[in-house]
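K.L.:
Pasting a structure below so you can have a look.
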Amino acid sequence: MTFTEDALKGRVAVITGGGGGIGFGIAKAFAAAGARLVLASRNEERLQGAIKEIEGMGGEAIAVQADVRNYDDVARVVKTAVGTYGTLDVMIANAAGNFVVPAAEMSPNAWKTVIDIDLNGTFYCARAAHPALKDSKFGGRFIAISTTRALEGWPGCAHAGAAKAGIMSLIRTLTGEWGKDGIRCNTIAPGAIGDTEGVKRIYEDAGRREHELSSIPLGEFGKTADIANAAVFLCSDAGAYVAGADIVVDGGRNRGRASPIVTVPNK
Ligand code: HXC
């Protein structure tokens, strides 16, 4: 246990992509810190498994089947949260799609699919949640997931890199527009998180596991719990003065990559 059991007490949080991976990691940490949850995902079966696990740990959660590419679905998720619990304090726009394909071979529909899920879906979450977050007695929180690859370019993932860069821009704009409404908007940039579909697909299946590990100064892949801890901090009272930030949780990979140590032999 990293946070107290009441760190998020009284708060209601929606987590998109909450049935697995980083989203479910956040859900477990939020439940342990006292939040009530609405988990949204396209996959109903996965959602039910997640809800069972949260209930098994004494938490409170409901599932809403939804595709973040569809604004009406997202609006229904928010409506269900407010209808069920009477409030919505936190929106975590976590649902994402990604796969490796060189830009020159990427079909227009492949590009559109990832932009729709990652970038448009994040905007839909923000837009639909805004009225409820504005009413939150704790000060609303909107968190989206970014990546350190967004601004440096991401060979093999042009669609996801561009979408995440768009998300970072969106969050900065919303910080300026919604601060007056008490809403704190931030991104979290995960590095390579070992227990996720993303790392399996982007690194392990592509035979890049050892190469990626060697680029992480802390020498190991992260865990979904590492990202969840950053999210709990941002959504608790302890994170009340953090807005417009991009919290990088990557074992130092970004710095390691940016500053390779070059040894020059003595003459
Ligand atoms: C090339 C691909 C492809 C691939 C799909 N497409 N996968 N092109 N290589 N591996 C193309 C399809 O051919 C199609 O284009 C278009 O993309 C849409 O594909 P669909 O399968 O019809 O889409 P859909 O069923 O909606 O599924 C969405 C998805 C899928 C993104 C493609 O993978 C998904 O649901 N992913 C969710 C889980 C996920 O991706 N998790 C990883 C997130 S991790 P055409 O032209 O044929 O119609 C992450 C960060 C990773 O984002 C960080 C690592 C460090």
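The values are calculated or read from the model by the stated rules, or taken from the named source; none is laboratory data. Remember, predicted model here, so these are calculated numbers, not experimental data. Neighbour counts are summed over all protein chains in view; Cβ atoms, including those assigned to glycine, are modelled from backbone coordinates with ideal geometry.
K.L.:
Anything in the stretch 223-267 that is closer than 23 Å to residue 152 by Cβ, modelled with pLDDT of 95 or more and not in a loop (DSSP other than H, G, I, E, B)? List them, or say none.
P.N.:
Passing the criteria: 226, 227, 230, 246, 247, 248, 249.
K.L.:
From 198, 166, 207, 179, which residue is in a loop (DSSP other than H, G, I, E, B) and either of a type outside the set (Asp, Glu) or within 9 Å of the ligand (Cβ to nearest atom) (or both)?
P.N.:
207
K.L.:
Still on this structure, I have one more. Inspect the stretch 145-162 for any residue being aromatic (Phe, Trp, Tyr), within 23 Å of residue 246 (Cβ to Cβ) and in contact with a Ser or Thr (Cβ under 9 Å, 6 or more places away or on another chain) and give the result as yes or no.
P.N.:
Looking through the stretch 145-162, at least one residue is aromatic (Phe, Trp, Tyr), within 23 Å of residue 246 (Cβ to Cβ) and in contact with a Ser or Thr (Cβ under 9 Å, 6 or more places away or on another chain).
K.L.:
While we're on this one: Kindly check whether there is at least one residue in the stretch 144-152 that is among the acidic types (Asp, Glu) and not in a helix (DSSP H, G or I).
P.N.:
No.
K.L.:
Do we have residue 148 as within 16 Å of the ligand (Cβ to nearest atom), among the hydroxyl-bearing types (Ser, Thr, Tyr) and in contact with a Lys or Arg (Cβ under 8 Å, 6 or more places away or on another chain) here?
P.N.:
Yes.
K.L.:
Which is charged (D, E, K, R), surrounded by fewer than 17 Cβ atoms within 10 Å (Cβ to Cβ) and under 22 Å from residue 225 (Cα atoms), of 195, 181?
P.N.:
The match here is 195.
K.L.:
Could you pull out the residue among 129, 104 that is crowded, with 19+ Cβ neighbours inside 10 Å and either in a helix (DSSP H, G or I) or more than 11 Å from the ligand (Cβ to nearest atom) (or both)?
P.N.:
129
K.L.:
Any idea which of (1) more than 18 Å from residue 234 (Cα to Cα); (2) outside any helix (DSSP H, G or I); (3) more than 11 Å from the ligand (Cβ to nearest atom) is the one residue 97 doesn't satisfy?
P.N.:
Checking residue 97 against (1) more than 18 Å from residue 234 (Cα to Cα); (2) outside any helix (DSSP H, G or I); (3) more than 11 Å from the ligand (Cβ to nearest atom), the one that fails is (3).
K.L.:
Right, something else. Scan the stretch 231-253 residue by residue and report those that are acidic (Asp, Glu) and surrounded by fewer than 20 Cβ atoms within 10 Å (Cβ to Cβ).
P.N.:
237, 246
K.L.:
Give all pairs with beta carbons closer than 6 Å in which a residue from the stretch 88-116 that is more than 30 Å from residue 12 (Cα to Cα) meets a residue that is of a type outside the set (A, V, I, L, M, F, W, C) and within 11 Å of the ligand (Cβ to nearest atom); count only pairs at least 6 apart in sequence or on separate chains.
P.N.:
100/156; 111/159
K.L.:
Also, quick follow-up: Is there any pair linking a residue in the stretch 210-226 that is over 30 Å from residue 31 (Cα atoms) to one that is of a type in the set (Ser, Thr, Tyr) and crowded, with 17+ Cβ neighbours inside 10 Å, with Cβ under 7 Å and at least six apart or on different chains, and which?
P.N.:
These pairs meet every condition: 212/203.
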